[in-house]
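Q: Following this message is one structure expressed as structure tokens.
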Amino acid sequence: MAWAAADLVNALKKQVLALEADLRARVDGDDEYARQDGVLEAWRRDYDAAFASQRTAATWLEWRNERVTQAAVAWVLLTVFARYCEDNALVSPRWISGADADQRTQALDARRAYFQQYPEHTDREWLGQIIDHFSKYTATAGLVDRFSPLHLVAPSGDAARALLEFWWQQDNNGQPPYSFVGVDTRFLGDVYQDLSEHAKKTYALLQTPEFVEEFILDQTLEPALADRPLEGFTVIDPTCGSGHFLLGAFKRLHARWQREAPGLGARELVAKALDGIYGVDINPFAVAIARFRLLVAALHAAGDTSIEQNIGYTPHLAAGDSLLWGADQQLLPEDLLAGPVIHADTTEDAEALKAILQREHDVVVGNPPYITVKDAALNATYRKLYPTIHRQVTLTVPFMELFFKLAYGRGRDRPVGWVGQITSNSFMKRPYVGPKLIQEFFPRVDLQKVVDSEGAWIPGHNMDGTPTVIIFGRNRL
């Protein structure tokens with residue numbers, strides 16, 4: 001890779017900021033002619049519904065800005081995904097640029113031909129051609145479906161052109177500065193973590209180092225595979241971020257299927273492995289990145305060279321709040337609910353979230369956020385759903401409870417599930433955080449290892465951030 005991931009991320013951050021300014025004007029800017037028809041009214045309805053159902057206590061402007069960020073990042077990521085597909089010949093059309101000057105010219109010629117056919121269109125509609133193409137194929141449809149923030153608001157034609165102009169840049173040799181030929185998708189983890197400062201602070205975005213992910217999978221997935229059938233085996237990360245744990249689990253499941261069912265075709269082996277991968281994240285663009293990374297890994301594993309082939313690689317991923325959709329209350333009909341009724345946001349696929357989180361899994365792994373909940377409405381809702389929460393709602397605590405509850409419990413037709421996570425050690429040290437978790441919850445499950453990782457060098461953690469602990473156990477509930 002001739003370029004540094006940090007350089008690309010810094011360049012893309014500027015594109016996100018520019019798009020945010022444009023999209024704010026498209027939603028409720030002073031110039032009513034610049035607004036996108038119907039968007040302000042739709043957003044106001046969504047905000048009122050979220051506020052009434054205690055999904056948020058944020059002001060309209062705070063809520064709007066968060067949604068603008070999600071939309072802006074979604075449009076930038078659309079171009080990143082398209083560029084990766086162009087450079088690696090995963091698609092036949094060219095929309096933006098290419099790995100070299102000739103391919104860049106092909107993309108510009110295709111755009112020119114499009115405007116000759118549709119002279120009244122803008123570059124917004126040209127970018128829409130990518131959405132239309134991705135939506136045709138099972139492998140990529142989930143990147144652009146109706147739950148994607150892409151559909152919340154579209155950029156102006158000028159802003160869409162500015163985004164294209166970023167990718168049209170050439171270096172001193174007349175070549176595109178960013179070529180994605182053969183590039184590992186791990187760079188998208190850096191994009192996930194650092195693309196938006198607003199999102200980074202809101203969701204406490206932090207990648208899990210690969211060696212930590214491997215260690216946790218060694219202690220959970222491997223023993224789980226040893227004590228139950230491979231058929232029907234599932235792994236879930238309910239805080240999946242950009243998909244590091246899911247990719248690691250996919251590679252291990254695929255290798256196991258290759259050993260146990262060597263007579264299956266390459267695509268069928270990949271499909272079997274992907275069918276065991278489940279993930280959720282509250283951040284929609286994290287899920288989009290995880291989905292794309294899994295797609296590329298699946299294509300490589302199967303030896304496929306195009307998304308346009310008849311392939312159905314569909315891991316079980318959805319954007320949403322795992323703490324809400326995974327709570328026990330969701331199993332009950334609304335008239336019997338003891339706690340709050342959860343209303344889906346526009347970017348949440350309620351049926352997919354229920355299918356992922358209202359079931360048990362063989363392995364539950366992840367790196368949940370460590371932040372305290374500042375939103376008063378969510379704070380109150382989480383308290384109703386998770387009895388382990390003590391005085392301060394630190395996400396470490398309810399996620400610890402959720403991780404164990406997502407694993408198979410006693411008396412099922414499969415052995416009890418395995419749990420592994422790296423998390424903040426605040427519940428062990430602060431009396432206003434962890435007493436209920438330690439005294440009431442842990443005695444009911446099987447804690448097998450508690451690894452004090454506070455003194456270890458883990459990028460973004462400990463000396464670089466929040467002190468951590470790694471927890472392993474099995475569900476006995």
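Any read-out appearing in this document is the output of simple, stated calculations on the displayed coordinates, not a laboratory observation. Given the structure is predicted, the values throughout are model-derived calculations rather than measurements. As a convention, Cβ positions derive from the backbone with ideal geometry for all residues, glycine included, and neighbour counts pool all protein chains shown.
Q: Using 32 Å as the Cα-Cα cut-off, could you pick out the over-long pairs in 200/436; 201/384; 13/405; 14/449?
A: Correct reply: 13/405; 14/449.
Q: From the alpha carbon gyration tensor of region 71-206, can you work out the equivalent ellipsoid semi-axes (sqrt of 5 times each eigenvalue) and give them in Å, largest to smallest?
A: The three semi-axes for region 71-206 are 23, 19, 15 Å.
Q: Right, next: Dipole size in debye (nearest 20) for the chain around its Cα centre, Lys and Arg Cβ +1, Asp and Glu Cβ -1?
A: For this selection, approximately 1240 debye.
Q: While we're on this one: Please state the relative contact order of the chain as a whole percent: Cα pairs under 8 Å, 6+ residues apart?
A: 15
Q: Whole angstrom only: what separates the Cα centroid of region 427-447 from the Cα centroid of region 352-422?
A: Taking the Cα centre of region 352-422 as reference, the centre of region 427-447 is 14 Å away.
Q: What is the sum of charges, Lys and Arg at +1 and Asp and Glu at -1, for the other residues whose Cβ falls under 9 Å from the Cβ of residue 6?
A: Summing Lys/Arg as +1 and Asp/Glu as -1 gives -3.
Q: Just order 269-276, 281-288, 39-46 by mean Cβ neighbour count inside 10 Å, highest at the front, would you?
A: Top of the packing list down: 281-288, 269-276, 39-46.
Q: When the chain is fully extended, how far beyond the present Cα-Cα distance does residue 101 get from residue 261, taking 0.36 nm per residue of separation?
A: Gain on stretching residue 101 to residue 261: 53.1 nm.
Q: Between the helical axis of 39-52 and the dominant principal axis of the chain, each derived from Cα atoms, what acute angle in degrees is found, rounded to the nearest 10?
A: With rounding to tens, the tilt is 10 degrees.
Q: From Cα pairs below 8 angstrom and at least 6 apart in sequence, can you work out the relative contact order of region 5-177, rounded to a whole percent?
A: Once divided by the residue count of region 5-177, the mean separation gives 26 percent.
Q: What distance in nm separates the simple spin-label points at residue 448 and residue 210, each placed 7 Å from Cα in the Cβ direction?
A: If labels sit at residue 448 and residue 210, their model points lie 2.5 nm apart.
Q: State, to one decimal in nm², a quarter of the convex hull surface area for the C-alpha atoms of region 215-290, i.e. the direction-averaged projected area.
A: That works out to 5.1 nm², a quarter of the Cα hull's surface.
Q: Still on this structure, please answer the following. Taking 0.36 nm per intervening residue step and subtracting the Cα-Cα distance, what contour gain separates residue 413 from residue 59 on full extension?
A: Computed gain between residue 413 and residue 59 is 122.7 nm.
Q: Quick one: net charge around residue 477, please, counting Lys, Arg +1 and Asp, Glu -1 for every other residue with C-beta under 15 Å from its C-beta.
A: Within the 15 Å Cβ shell, the charges total +3.
Q: Going highest first, how would you order 71-77, 6-12 by mean Cβ packing within 10 Å?
A: Output ranking for 71-77, 6-12: 71-77, 6-12.
Q: Give, as a single signed number, the net charge of other residues whose beta carbon lies under 13 Å from the beta carbon of residue 89, with Lys and Arg counted +1 and Asp and Glu -1.
A: -3
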